[in-house]
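To start, the structure itself, in structure tokens.
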Amino acid sequence: MNLRTKRIRGMQDVLPSESKKWQTIEKVMTEEASLHGFKLIRTPVLEHTELFERSVGDTSDVVEKEMYTFKDKGDRSVTLRPEGTAGTLRAVLENGLHNLPMPLKLMYKSSCYRYEKPQTGRYREFFQFGLEIFGSPSASADAELIILAKSILERLQIQNISLEINSIGCKNCRKKYSEAIINYFKSKIDSLCPTCQNRLEKNPLRILDCKNKVCSEICENAPIITNYICEECSEHFETLQEYLKSQNIEFKINPKIVRGLDYYSKTVFEFVCDITENDKLTICGGGRYDGLSEILGGPQLCAIGLGFGLERILNIMETQKIMFPKDDSPKVYIASIGENAKKKAFELCGILRTAAIFAEMDIVDRNIKSQMKYADKIGAEYVLVIGDDEIAENRAILNNMKTGKESKISINEDFLNDFSGVDMEISSFRR
Ligand code: HAM
């Protein structure tokens with residue numbers, strides 16, 4: 001086929017054969033979050049560019065290199081959201097949700113856009129399931145969020161996951177720490193990669209996150225942030241660890257986690273999955289961002305949140321051969337012979353669907369033999385065959401496709417009752 005246009009690189013179609021998997025993951029996440037009091041929020045995919053420049057940070061890779069930014073027809077600079085936190089906080093402040101009783105717990109499933117080099121687990125359009133808790137300065141909020149994330153990953157049965165946590169302190173601690181690492185890296189500047197040489201001036205913490213081999217080696221002996229955090233931040237981090245230990249949540253302190261977005265303070269964390277012996281993939285990342293509301297012009301509003309990468313979770317579940325529920329197949333297929341029978345099939349399908357029973361009928365004018373084959377292919381549990389004789393008699397034969405058992409049932413007023421009498425599952429559902 002010589003299609004005129006194809007999908008954009010780094011973006012994916014979710015086909016019907018995959019959609020049940022997506023629905024399963026989203027259902028688990030939404031159910032678990034609801035049990036913890038999270039309510040759904042939906043925000044626009046487009047925001048003013050300034051929102052991300054101010055929140056994600058104009059020296060972050062995301063803002064510097066990866067955003068889909070363009071001018072709209074009114075000559076305003078707008079950006080496809082690269083992540084969900086900034087838009088969620090903007091919506092909270094703009095709609096006055098920060099005046100509600102706290103904590104405010106919000107969840108979202110959002111498409112995000114980053115112009116990155118596409119590779120396994122890295123796309124230009126990807127979906128995040130995000131959770132944000134507003135209005136709690138307490139480490140118990142950090143613990144609740146992490147425990148919730150863990151329970152989601154457990155319910156999805158994903159194996160080989162580890163939790164890594166760190167504290168990057170508050171604004172004041174980071175100032176002292178930045179000075180220390182600038183001093184440390186200054187003498188090694190010539191060995192750093194060009195990006196990190198640039199980062200040393202603009203955003204020195206990000207050097208710790210560099211994947212370049214030489215930079216990583218240099219980072220091995222760099223000062224550790226937890227040695228520079230103030231008493232309050234240190235206490236917060238200790239308390240979080242106590243909560244996690246009390247709930248038997250295993251974790252590792254990884255002083256190298258600084259996260260790629262500039263709004264974080266105090267707690268940061270990642271859930272990492274071992275893909276191969278040497279390869280790890282972050283499937284969930286998050287942290288506290290107590291200062292972001294003020295940066296956006298709002299009041300002081302403590303917050304902590306996380307984002308799951310849904311494609312990464314799905315890919316890992318497939319690699320780990322975790323079973324997903326199968327697609328539902330129709331309870332009944334109504335096969336018809338002739339025009340009158342087809343009209344009757346419409347009526348009966350309508351009755352079944354109104355009673356929340358999955359029913360299908362012929363809408364592509366197949367002959368009866370092909371209809372039977374099709375019913376078998378789509379895995380219909382029962383087939384009801386209607387022709388002129390059945391209409392005249394007001395009764396038709398319902399075939400159980402698994403057992404071969406045939407039952408004659410009414411196709412008039414008593415249709416649903418008769419059908420429920422045959423199918424135990426439906427009769428119990430109706431009662
Ligand atoms: P993030 O670490 O940038 O954090 O993204 C969260 C997750 O999204 C990552 O752990 C990863 O699984 C997935 N992800 C990121 N980039 C891509 C990509 N190009 N392709 C596929 N998956 C990707 C945030 O975005 C923060 N907003 C999380 C947060 C919420 N922090 C506080 N609240």
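Nothing in this text is a laboratory measurement; each read-out follows from the coordinates by a stated rule. This one's a predicted model, so the numbers in the text were calculated from it and none came from an experiment. Cβ coordinates were reconstructed from backbone atoms using ideal geometry, including for glycine residues, and neighbour counts include every protein chain displayed.
Tabulated data
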item: DSSP-loop GluC sites (Glu not before Pro) across region 364-420, with at most 15 other Cβ within 10 angstrom; result: Glu413
item: 222 nm mean residue ellipticity, helices alone, for the chain (DSSP H n ≥ 4; -39,500 (n - 2.57); rounded to 500); result: -11000 deg cm²/dmol
item: Where labels lie 7 Å past Cα in the beta-carbon direction, separation of Asp365 and Asp58 in nm; result: 6.5 nm
item: Over 30 Å (Cα to Cα) - which of Lys326/Lys373; Lys27/Lys245; Lys117/Lys326; Lys344/Lys373 fall in this group; result: Lys117/Lys326
item: Simple label model, 7 Å out from Cα along Cβ direction - Leu40 to Lys65, nm; result: 3.6 nm
item: Tensor-based shape of region 1-151 (alpha-carbon gyration tensor, a/c under 1.5 rounded, otherwise prolate or oblate); result: oblate
item: Options Gly350, Ala180, Thr5, ranked by Cα towards positive dipole end of the chain, top entry (Cβ charges); result: Thr5
item: Environment charge of Ile409, counting only residues whose C-beta is closer than 11 Å and scoring Lys/Arg +1, Asp/Glu -1; result: -3
item: Within region 118-159: backbone nitrogen closer than 14 Å to the Glu242 label point (7 Å, Cα to C-beta); result: 138-141, 143
item: Cα-centred dipole magnitude for the chain, charges only on beta-carbon of K, R (+1) and D, E (-1), debye, nearest 20; result: 880 debye
item: P(r) of region 332-419 over all Cα-Cα pairs, binned every 5 Å from zero, in whole percent; result: 3, 15, 28, 29, 19, 5, 0
item: Gain upon complete extension [Glu26, Glu201; 0.36 nm per residue less C-alpha separation]; result: 58.9 nm
item: Relative contact order, percent, region 46-174 [alpha-carbon distance under 8 Å, six or more residues apart]; result: 18 percent
item: Förster radius 30 Å - calculated FRET efficiency between Cys193 and Ser162 (Cβ-Cβ, nearest 0.05); result: 0.65
item: Added length on full extension, which subtracts the Cα-Cα distance from 0.36 nm per residue, Thr5 to Glu277; result: 94.0 nm
item: Table column - 3J(HN,Hα) (Hz), region 63-72, Karplus curve with 6.51, -1.76, 1.60, x for Gly and Pro; result: 6, 5, 10, 10, 7, 8, 10, 7, 8, 7
item: Kirkwood Rh (inverse of mean 1/r, distinct Cα pairs), region 151-237, angstrom; result: 14.6 Å
item: Rounded to 5, the percent of DSSP beta bridges in region 332-419 classed as antiparallel; result: 55 percent
item: Choice from Ile25, Ile224, Ile378 with maximal GNM fluctuation in the chain (Cα, 10 Å cutoff); result: Ile378
item: Packing-based ranking, highest mean first, of 1-7, 291-297 given that Cβ atoms within 10 Å are counted; result: 291-297, 1-7
item: Debye, to nearest 20: dipole size of region 332-419, +1 on Lys, Arg Cβ, -1 on Asp, Glu Cβ; result: 360 debye
item: Stretch gain in nm, segment Gln300-Asn412, where the contour uses 0.36 nm per residue and the Cα spacing is subtracted; result: 33.7 nm
item: In region 273-367, the trypsin sites (Lys or Arg not before Pro) that fall in loop regions by DSSP, at most 16 other Cβ within 10 Å; result: Lys321, Lys326, Arg366
item: Scattering curve values for the chain, log₁₀ I(q)/I(0), Debye with Cα scatterers, q = 0.07, 0.09, 0.14 Å⁻¹; result: -0.49, -0.71, -1.24
item: Bridge type composition, the chain - antiparallel percent by DSSP, nearest 5; result: 80 percent
item: Average Cα contact separation per residue, the chain, under 8 Å, 6 or more apart, as relative contact order %; result: 15 percent
